[in-house]
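Only one structure is covered here, and it is reproduced in the block below.
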Amino acid sequence: MSTMLSVQGIQTFIGQHHILEGVSLEVPRGSIIALLGRNGAGKTTTLRSIIGLTPPREGVVVFDGAEIQGRPAYEIAQLGVGYVPEHRAIFRDLSVEENLRLAERRRGDLARRGDLVFELFPDLKRLINHAGGKLSGGQQQMLAIARALVPDNRLLLVDEPSEGLAPIIVEQIVVALRRLAKDMTVLLVEQNFHMAAQLADRYYILDDGHTAHAGLMADLVKDQALITKYLGAA
Ligand SMILES: Nc1ncnc2c1ncn2[C@@H]1O[C@H](COP(=O)(O)OP(=O)(O)OP(=O)(O)O)[C@@H](O)[C@H]1O
Ligand SMILES: [Mg+2]
């Protein structure tokens, strides 16, 4: 299996603060990889470093064979990297359809991808004319993911999609991510270990701004000591 994304020893600063001090990870094409770690470990900063919102000062990021570190975020997005940020950045005053249309990168993206989006998230079809701000938390998360599916992305960076959602909604998101991972590669940040364990083939654990552990998810689920040490009472 070839590598879709490779992050090699990135160091990222926010202002004077040295936030990432050597994060490395590999995401094989067609896989779901989980990025785990406690609050403040550097998970979001890692995703933002990959997409170019907080560009790394050192290290290398290779997307589908090309080095992308240092390139502006809009260029990295155009290469086919979708980003679903924490806290679901949707437009609350715009309808579901308008939210999806604004996510187009090329004219006709929504027409091309609508079938997949509405197959994954039938609620969005039903609520197509409703304002984003009127949706439930789960529906807003679905819309946030759907927006990243409208353009032709090859890699999705998804930041804590289960945050604040009821278990039954989390299950729906799990089903959707599993389905979309058939066509796409996913780097998933999650605090919900149960969810990550259901989806991911491999994991990376960040601790204090660096990669502390990596391996097969099937091994991590059996390693309660490691889970307790790095992830708390999961
Ligand atoms: N704008 C900022 N200014 C200063 N420090 C920041 C800023 N953003 C993040 N940090 C710090 O960087 C570290 C990593 O933050 P990050 O948001 O990447 O963690 P995280 O693993 O995503 O945490 P969480 O699980 O809470 O979302 C934290 O110590 C945080 O306080
Ligand atoms: Mg975060």
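Annotations
- Pairs meeting the criteria (first residue in the range 115-137 and closer than 20 Å to H87 by Cβ, second residue basic (K, R), beta carbons under 7 Å, at least 6 apart or on different chains) are A131/R92; G132/R92; G133/R92.
- Hey, V60 of a type in the set (V, I, T), more than 16 Å from ligand 1 (Cβ to nearest atom) and open to solvent by less than 20 Å² (accessible area, probe 1.4 Å) or not: no
- Among (1) within 16 Å of ligand 2 (Cβ to nearest atom); (2) assigned to a loop (DSSP other than H, G, I, E, B); (3) not small (G, A, S) - the single one P55 does not satisfy: (1)
- Of all residues in the range 63-73, exactly one satisfies the criterion of being in contact (Cβ under 8 Å) with a residue 60 or more places away in the chain and either surrounded by fewer than 21 Cβ atoms within 10 Å (Cβ to Cβ) or within 18 Å of D159 (Cα to Cα) (or both), namely D64.
- Of all residues making up the range 156-165, the number that are farther than 20 Å from L100 by Cβ, within 12 Å of the chain's Cα centre (by Cα) and either among the aliphatic types (A, V, I, L, M) or within 12 Å of ligand 2 (Cβ to nearest atom) (or both): 1
- Whenever a residue of the range 75-96 is not assigned by TED's automatic domain parsing to the domain that holds G132 and modelled with pLDDT of 95 or more, its partners that are in a loop (DSSP other than H, G, I, E, B) and within 16 Å of ligand 1 (Cβ to nearest atom), lying with C-beta atoms within less than 6 angstrom and at least six residues away or across chains, give the pairs I76/G52.
- From the list I76, I50, the one residue that fits, being within 16 Å of ligand 1 (Cβ to nearest atom), assigned to a helix (DSSP H, G or I) and open to solvent by less than 70 Å² (accessible area, probe 1.4 Å), is I50.
So that you can scan it fast, the table gives a plain yes or no per residue for (1) open to solvent by less than 40 Å² (accessible area, probe 1.4 Å); (2) of a type outside the set (A, V, I, L, M, F, W, C); (3) not in a strand (DSSP E or B):
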position: Q8; (1), (2), (3): no, yes, no
position: I33; (1), (2), (3): yes, no, no
position: A89; (1), (2), (3): no, no, yes
position: E98; (1), (2), (3): no, yes, yes
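- With a requirement of 3 or more residues that are open to solvent by 50 Å² or more (accessible area, probe 1.4 Å), the strands (runs of 3 or more DSSP E) lying completely within the range 132-234 that satisfy it span 210-216.
- Any chance G42 is within 15 Å of ligand 1 (Cβ to nearest atom) and either touching a residue at least 40 places away in the same chain (Cβ under 8 Å) or of a type outside the set (K, R) (or both): yes
- I33 touching a Pro at 6+ places or on another chain (Cβ under 7 Å) and closer than 21 Å to G65 by Cα: no
Per-residue answers, yes or no, for (1) near ligand 1 (Cβ under 9 Å from one of its atoms); (2) touching a helix residue (DSSP H, G or I) at 6+ places or on another chain (Cβ under 8 Å); (3) basic (K, R):
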| position | (1), (2), (3) |
| --- | --- |
| L20 | yes, yes, no |
| P28 | no, no, no |
| L35 | yes, yes, no |
| R38 | yes, yes, yes |
| T46 | yes, no, no |
| P55 | no, yes, no |
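The values are calculated or read from the model by the stated rules, or taken from the named source; none is laboratory data. Everything numeric in this text was worked out from a predicted model, so none of it was measured. Cβ sites come from the backbone with ideal geometry, for glycine too, and all protein chains shown count toward neighbours. Only protein heavy atoms, including side chains, enter the accessible area calculation; ligands, DNA and RNA are left aside. Shrake-Rupley method; radii C 1.70, N 1.55, O 1.52, S 1.80 Å.
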